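The values are calculated or read from the model by the stated rules, or taken from the named source; none is laboratory data. Nothing here was measured: the structure is a model prediction, and the numbers come from that model. No Cβ is skipped: glycine too gets one built from the backbone with ideal geometry, and neighbour counts run over all protein chains shown. Just so you know, the surface numbers come from the protein's heavy atoms only, side chains and all, with ligands and any DNA or RNA stripped out. Shrake-Rupley method; radii C 1.70, N 1.55, O 1.52, S 1.80 Å.
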Amino acid sequence: MSTITPELVASHQLTDSEYQKIVGILGREPTYTELGIFSVMWSEHCSYKSSRLHLKKLPTSSKLVLQGPGENAGIIDIGDGYAIAFKIESHNHPSFIEPFQGAATGVGGILRDIFTMGARPVAVMDALRFGPLDDPETGARNRRILTGVVSGIAHYGNCFGVPTVGGECVFDPSYAGNPLVNVFALGVFKHDEIFLARAAGEGNPVIYVGAKTGRDGIHGASMASAEFTEESKQKRPNVQVGDPFLEKLLLEACLEAMKTGAIVGIQDMGAAGLTCSTCEMASRGGTGIEIDLKHVPQRESGMTPYEIMLSESQERMLLVAEKGREDEVFRVFRKWGLDAVAVGTVTADGILRVKDHGEVVAEIPAHPLAEEAPVYDRPYTAPYRRLPMEAPDLPVSNTRLDSALLKLLASGDICSKHWIWQQYDHMVRTNTIEGPGGDAAVIRIKETGGSIAMSLDGNGRYCELSPREGTMLMVAECCRNLSTAGALPVAATNNLNFGNPERPEIMAQIVESIEGMAEACRFFETPITGGNVSLYNETLGEPIAPSPVLGIVGLMKTAEPLGTTFRAPGRVVILLGGLGNCDISRFGSTQFAKVVLDAGWGLPPALDMEYEKRVQAAIRQIVNEKLAESAHDVSDGGLAVTLAECSFGSAGIGADIELASEMRPEFLLFHEGPSRVVLSTPDAGRIREVAAAHSIQAVELGVTIEGRLQVRNSGTVLIDSAVNDLKRVWETALETLLHA
């Protein structure tokens, strides 16, 4: 038995008090293997020890929620005996160290979370954050990370055969040393096909299936629970290596084995690998598990029990089968050319017992290991912010703002992401109705005749100025995206990306963001069914901008997508929700402030949730009654950017817009106030009736025209540009930045 020294404990990222709690649970000093097991299960990445107290504030139930937080994925009822499972996860630190494999295995991990529930994955989305591509100091590295991450996502999703149907990509200096890769997946199944990750039935065999175990990914969960330092780049052994073709075989084998009726419980080996799957299944089932590592398929010789238990090798699952029906399971996996080996049994004593060729190397109560990690009520102060509250003296704006619009359209956040999503197969399985580039992705559920809409949203700029308000705006925008597609938002999954929670000013960001999310999700009736917390996103003491990301799903009838772009000239352009208003204190959060003024200040846009909800109800009615030809919500870049994007359809239809406002021209065109949607319609009267019924504004802006975007305010020309000139800049900007 190894001697456990204070230095060894510290190297496992355990505090002295945590170590003493381990000793108390065991009633003795841990073995080296046991220390490693506790270190990964009690890591921030696996235990959520800094956030768990506050996550309880989130709404998690509704009449549609069949499974909330606590399983591998949340589940909601979509009618006709069918359900969807969905979740979002992060693979941030691995994607910095090894962009291709880090992102690829992030996709693989979230797909296993879905099919371990019994669902067939049908869609993937991703939310990406990188440092600026043209930064003189970090640009080359940022470009390398971006290309590696996108290639990794494309490789795994395309090879596995699941469409990547949408997402978002944002650039900010705070992500230069710590990119974010958040991946969302969704699957479909019948109610009677749902499986849970629980070990039940004393004497039932515990079966290891899938890829062999190697040394890749050891301490991956611990790496994800610490800040980056100068040594972090040397941690490539902590990054897993994925095989999407093997995962496709694993998917088919698992779904087929589930249909035999011989499977009692199933869980993927994700973070913490065999350790996590064994102790969590036992804990959830109120049982124990005993395994012998001599049975675990290994692809490297001389692996120690410590290495086998902590390996995060990909494409592996752990099953519990009914005793006496093992051969049914083995036959299925042999058919698919996969390892399937009984490695242990379910016990009644509540102990995770690990043997190595008969010798006990770990003996730990499963429930305390899985569920009794320390929960910290960390102190928090005012949220950390880099940017000032007070606004600078803004220069007097030029009357014409064409150049400002061009600069925004060429910026990393707003420009076309076609270069990214063209690498993804977003049509495989032939269910995609609306793919990348729209306000929301929409897939057809052939079994029910309905559709599912999905949207991912986050806004670090807003959250840095006010984590609470910024997160509430994020929830509102995500719901508005779905509503603009005609879908009713019904449930959400979240990914909370923040810096070091041991810093009170960072912990304040986390608390305020969660509380804002709780309030908004409760108001918009989108309970959180599960998610991921990714903390310690810092490099050399510099934290990322607070970056919660939300994935919301909506239900809708199957229909042809409305689309965001103008279709024909002579249509009335209407701004549902009205022009809004903006003062200088709220303008500092805009893309105009970031890109054109190279500044940021104040607070994010003001949100009236009651008004927002009425706007969403109105646009859903308009879309579902087919009263509009196009619809696009106003968000990054404000009204001017939205009008430009509405003009970028294949027909080259722009608009002639006449405004009447006393706002400063740049405020009028570029403020990012929420609760607004740009429509084009041949029947403005019917739109006005719907708006009046919902007590919201519907402002007629002008008409669609061929080839130009013209915007005037009280007769003064603000923008007059050829649509093709604007579109060319927007379409080519990302590739230009990639070659900076």
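Data table
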| read-out | value |
| --- | --- |
| Residue within the range 522-534 that is modelled with pLDDT of 95 or more and in a helix (DSSP H, G or I) present | yes |
| Scan of the range 511-549 for residues that are among the β-branched types (V, I, T) and in contact with a helix residue (DSSP H, G or I) (Cβ under 7 Å, 6 or more places away or on another chain), ordered by number | V511, I514, T526, I528, I544 |
| Positions within the range 36-66 being in a loop (DSSP other than H, G, I, E, B) and not polar (S, T, N, Q), in sequence order | W42, Y48, K49, K56, K57, L58, P59, K63, L64 |
| Subset of the range 1-53 that is more than 34 Å from the chain's Cα centre (by Cα) and of a type in the set (V, I, T) - its residue that is farthest from I364 (Cα to Cα) | T5 |
| Residue that is most open to solvent (accessible area, probe 1.4 Å) [pool: residues in the range 341-367 that are assigned to a strand (DSSP E or B) and small (G, A, S)] | A342 |
| Members of the range 100-125 that are more than 17 Å from E315 (Cα to Cα) and either without any contact (Cβ under 8 Å) to a residue 24 or more places away in the chain or open to solvent by less than 10 Å² (accessible area, probe 1.4 Å) (or both) | A123, V124, M125 |
| Residue that is modelled with the highest pLDDT, among those in the range 373-390 that are charged (D, E, K, R) and open to solvent by less than 70 Å² (accessible area, probe 1.4 Å) | R378 |
| Filter result (under 24 Å from R686 (Cβ atoms) and either open to solvent by 10 Å² or more (accessible area, probe 1.4 Å) or touching a residue at least 60 places away in the same chain (Cβ under 8 Å) (or both)) within the range 625-641 | E625, K626, L627, A628, E629, S630, A631, H632, D633, L639 |
| Matching option when the condition is modelled with pLDDT of 95 or more, open to solvent by less than 10 Å² (accessible area, probe 1.4 Å) and of a type in the set (V, I, T), among I88, I78, I97 | I88 |
| Selection within the range 559-583 - surrounded by fewer than 21 Cβ atoms within 10 Å (Cβ to Cβ) and at pLDDT below 95 | A559, E560, P561, G563, N581, D583 |
| Tally, over the range 316-340, of residues that are open to solvent by 40 Å² or more (accessible area, probe 1.4 Å), touching a residue at least 24 places away in the same chain (Cβ under 8 Å) and either within 19 Å of A197 (Cα to Cα) or not basic (K, R) (or both) | 8 |
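Residues checked against (1) buried (at least 21 other Cβ atoms within 10 Å of the Cβ); (2) assigned to a strand (DSSP E or B); (3) over 34 Å from the mean Cα position of the chain (by Cα); (4) of a type in the set (D, E, K, R):
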site: A618; (1), (2), (3), (4): yes, no, no, no
site: L643; (1), (2), (3), (4): yes, no, no, no
site: A655; (1), (2), (3), (4): yes, yes, yes, no
site: G673; (1), (2), (3), (4): yes, no, no, no
site: Q710; (1), (2), (3), (4): no, yes, yes, no
site: L718; (1), (2), (3), (4): yes, yes, yes, no
